[in-house]
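Some notes on the structure that comes next.
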Amino acid sequence: MASYDVIIIGSGPGGYVSAIRCAQLGLKTACVEGRDTLGGTCLNVGCIPSKALLHATHMLHEAEHNFADMGLKGKTPSVDWDAMLAYKDKTVGQNTGGIEFLFKKNKVDWLKGWGSIPEAGKVKVGDEVHEAKHIIIATGSEPAPLKGVDVDEETVVTSTGALKLKKIPKSLVVIGGGVIGLELGSVYARLGSEVTVVEYLDAITPGQDAEVARQFQKLLTKQGIKFVLGAAVQGVSVKNKKATVSYKMRKDDAEAEITADTVLLATGRRPFTDGLGLSDLGVALSDRGQIEVDGSYKTNVDGIYAIGDAIKGPMLAHKAEDEGMAVAEMLAGQKPHVNYSVIPGVIYTHPEVGSVGETEETLKKAGRAYKVGKFPFLGNARAKANHAGDGFVKILADKETDRILGAHIIGPMAGDLIHEICVAMEFGAAAEDLARTCHAHPTYSEAVREAALACGDGAIHA
């Protein structure tokens with residue numbers, strides 16, 4: 001039996017970051033992981049492999065649609081699917097191997113196997129039981145099931161199966177118009193699949209600023225993705241390796257079917273806590289299966305904490321990382337703080353979508369007076385030069401104080417551009433502060449400055 005200050009169960013972004021931070025702060029630390037590689041869902045079958053495929057297929061899109069216009073003549077590249085998957089796997093391997101190196105560098109012990117908590121202060125891994133003053137649950141999430149849809153990860157797949165299909169499907173139905181479904185749908189649309197997104201609500205990307213969501217759908221439609229909105233999926237049947245999705249329109253109960261080679265179930269995720277023994281321990285859970293914690297990430301059982309997708313809040317890797325660092329610092333006697341008002345969200349399609357803070361809808365619901373500054377990328381010289389003029393930057397500021405309340409970007413490098421606004425919001429900046437900050441020319445970031453200017457007297461280039 002080994003004894004530790006902290007044992008973390010799960011090596012995803014929340015778990016491995018927390019483990020490294022604990023070790024940096026002088027705590028004897030171990031991390032439990034049952035996979036053959038570290039990194040959890042994100043690095044193995046989520047964020048990282050999907051971004052590799054998004055990058056590869058965007059390069060194909062550029063070759064097919066923009067190279068000739070730039071004077072790059074030649075035969076359009078053909079797709080070697082096996083080689084593309086190998087590139088994706090190589091990317092995953094480099095990242096997961098990097099975490100193993102960081103564990104060794106920081107003297108974090110990797111307890112290989114699946115963990116459970118037989119009692120407070122003890123973690124069982126395989127046949128061994130280890131002691132810990134503190135236990136942090138960072139077990140992440142899994143795809144949420146849908147009644148009437150049986151996943152086989154071959155014809156009917158989750159995001160995990162979609163990342164390793166044996167061949168590119170001629171047709172793909174995506175159930176769910178959220179981030180995961182749209183990113184992977186975008187990958188296969190670029191590869192030539194006929195992609196149809198079936199969404200229960202009347203708009204894609206639930207919770208997104210409505211204006212951005214509408215523009216986003218228009219741009220994805222131009223790229224060949226079809227949408228069926230307001231449709232409740234009733235079930236999926238598989239025959240002769242073809243899947244038929246049956247759905248009912250919510251507005252009039254009209255029934256319809258669509259058949260495809262592959263169906264991607266992307267209706268969201270749920271906390272993964274199976275096998276931990278939480279019910280026997282008496283750990284409180286919400287009605288959605290999330291572990292209940294207080295402001296210090298403590299459960300109702302002494303010595304047990306939880307972070308990331310296993311608790312309430314947006315299921316985002318960087319949110320888990322921040323919580324992982326915060327709980328580590330708290331255990332070391334510090335007083336950390338996570339600002340949940342400034343956690344960005346990004347959709348890695350092309351164009352990208354980046355958002356942070358309030359939307360127009362949440363501000364209207366709260367009855368808060370606000371102003372809007374917008375600037376289109378068509379007015380940005382760099383974007384026009386790079387065939388990236390679709391989209392806009394939108395900044396929401398308090399009508400009286402000019403303090404930035406939220407921002408939404410759809411356009412080139414939106415996932416990077418949004419962070420300038422995150423830093424500004426963290427320091428309580430006004431839109432004028434952004435507007436008066438010199439931005440290099442020509443850059444995409446000038447569009448952010450122009451949107452900030454539009455919150456005042458007006459943008460220069462619009």
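Within the range 192-210, the set of residues being open to solvent by less than 50 Å² (accessible area, probe 1.4 Å) and out of contact with any Asp or Glu (no Cβ under 9 Å at 6 or more places or on another chain) comprises VAL195, THR196, VAL197, VAL198, GLU199, ALA203, ILE204, THR205, GLN208. Checking each residue in the range 346-394 for being touching a residue at least 24 places away in the same chain (Cβ under 8 Å) and of a type in the set (Gly, Ala, Ser) picks out GLY354, SER355, GLY357, ALA369, GLY373, GLY379, ALA381, ALA383, ALA385, ALA388, GLY391.
Out of the residues in the range 287-302 that are open to solvent by less than 40 Å² (accessible area, probe 1.4 Å), in a loop (DSSP other than H, G, I, E, B) and in contact with a strand residue (DSSP E or B) (Cβ under 7 Å, 6 or more places away or on another chain), state the one that is nearest to MET315 (Cα to Cα). Per the criteria, the residue is GLN290.
Within this structure, LYS75 passes the test of being open to solvent by 30 Å² or more (accessible area, probe 1.4 Å) and more than 19 Å from ALA138 (Cβ to Cβ). Which of the residues belonging to the range 220-255 are assigned to a strand (DSSP E or B) and out of contact with any strand residue (DSSP E or B) (no Cβ under 7 Å at 6 or more places or on another chain)? Within the range 220-255, just LYS239 meets the criteria.
Residues checked against (1) acidic (Asp, Glu); (2) in contact with a helix residue (DSSP H, G or I) (Cβ under 8 Å, 6 or more places away or on another chain); (3) at pLDDT below 95:
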residue	(1), (2), (3)
HIS419	no, no, no
GLU432	yes, yes, no
ALA435	no, yes, no
SER445	no, yes, no
CYS455	no, yes, no
HIS461	no, yes, no
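Candidates ALA144, ALA189, ALA138, ALA213: the one that is open to solvent by less than 50 Å² (accessible area, probe 1.4 Å) and without any contact (Cβ under 8 Å) to a residue 24 or more places away in the chain is ALA213.
The one condition from (1) assigned to a loop (DSSP other than H, G, I, E, B); (2) touching a Ser or Thr at 6+ places or on another chain (Cβ under 6 Å) that MET330 does not meet is (1). Cβ separations smaller than 8 Å between residues 6+ apart or across chains give the following pairs from the range 416-427 residues that are on the phi < 0 side of the Ramachandran plot to residues that are open to solvent by 50 Å² or more (accessible area, probe 1.4 Å) and at pLDDT 95 or above: ALA424/ASP433; MET425/SER341.
For the condition among the hydrophobic types (A, V, I, L, M, F, W, C), closer than 30 Å to THR29 by Cα and crowded, with 17+ Cβ neighbours inside 10 Å, LEU363 does not qualify.
Taking the criterion of being in contact with a Leu (Cβ under 9 Å, 6 or more places away or on another chain) and outside any loop (DSSP other than H, G, I, E, B), the residues of the range 149-169 that qualify are VAL149, VAL156, VAL157, SER159, GLY161, ALA162. For the range 314-332, taking the residues that are open to solvent by 40 Å² or more (accessible area, probe 1.4 Å) and free of Cβ contacts under 8 Å to residues at least 60 places away in the same chain, the one that is farthest from the chain's Cα centre (by Cα) is identified as MET330. Please verify whether the range 114-128 includes one or more residues that are touching a Phe, Trp or Tyr at 6+ places or on another chain (Cβ under 8 Å) and open to solvent by less than 40 Å² (accessible area, probe 1.4 Å). Yes, that holds for at least one residue. Within the set LYS166, LYS107, the sole residue that is open to solvent by 10 Å² or more (accessible area, probe 1.4 Å) and either at pLDDT below 95 or within 30 Å of THR57 (Cα to Cα) (or both) turns out to be LYS166. Considered as a group, the residues in the range 245-286 that are open to solvent by less than 30 Å² (accessible area, probe 1.4 Å) and among the β-branched types (Val, Ile, Thr) include one that is nearest to GLY148 (Cα to Cα), and that residue is VAL245.
Among the residues of the range 98-106, is any closer than 30 Å to LEU281 by Cβ and part of a strand (DSSP E or B)? No - not one qualifying residue is present in the range 98-106.
Determine whether the range 304-311 contains at least one residue that is of a type in the set (Phe, Trp, Tyr), open to solvent by 20 Å² or more (accessible area, probe 1.4 Å), within 28 Å of VAL125 (Cα to Cα) and within 26 Å of the chain's Cα centre (by Cα). Full working, then the answer.
Here is the first cut: in the range 304-311, the residues of a type in the set (Phe, Trp, Tyr) are 305.
Now narrow it down to the ones that are open to solvent by 20 Å² or more (accessible area, probe 1.4 Å): none.
No, there is no match, as no residue in the range 304-311 is of a type in the set (Phe, Trp, Tyr), open to solvent by 20 Å² or more (accessible area, probe 1.4 Å), within 28 Å of VAL125 (Cα to Cα) and within 26 Å of the chain's Cα centre (by Cα).
Selection of first residues in the range 21-33 that are over 24 Å from GLY126 (Cα atoms) and of a type in the set (D, E, K, R) and of second residues that are modelled with pLDDT under 95 and open to solvent by less than 10 Å² (accessible area, probe 1.4 Å), restricted to Cβ pairs under 7 Å at least 6 apart or on distinct chains, gives an empty result. Would you call ARG436 buried (at least 17 other Cβ atoms within 10 Å of the Cβ) and without any contact (Cβ under 8 Å) to a residue 24 or more places away in the chain? Against the criterion (buried (at least 17 other Cβ atoms within 10 Å of the Cβ) and without any contact (Cβ under 8 Å) to a residue 24 or more places away in the chain), ARG436 does not qualify. Of all residues in the range 392-413, those satisfying the criterion of being part of a strand (DSSP E or B) and either modelled with pLDDT under 95 or under 15 Å from ALA369 (Cα atoms) (or both) are ILE395, LEU396, ALA397, ASP398, ARG403, ILE404, LEU405, GLY406. Scanning the range 241-254 for residues that are under 19 Å from SER193 (Cβ atoms) and not small (Gly, Ala, Ser) returns LYS241, LYS242, THR244, VAL245.
The values are calculated or read from the model by the stated rules, or taken from the named source; none is laboratory data. Quick caveat, the model's predicted, so the values are computed rather than measured. When we count neighbours, we look across all protein chains shown, and the Cβ atoms used for this are built from the backbone with ideal geometry, even at glycine. Just so you know, the surface numbers come from the protein's heavy atoms only, side chains and all, with ligands and any DNA or RNA stripped out. Shrake-Rupley method; radii C 1.70, N 1.55, O 1.52, S 1.80 Å.
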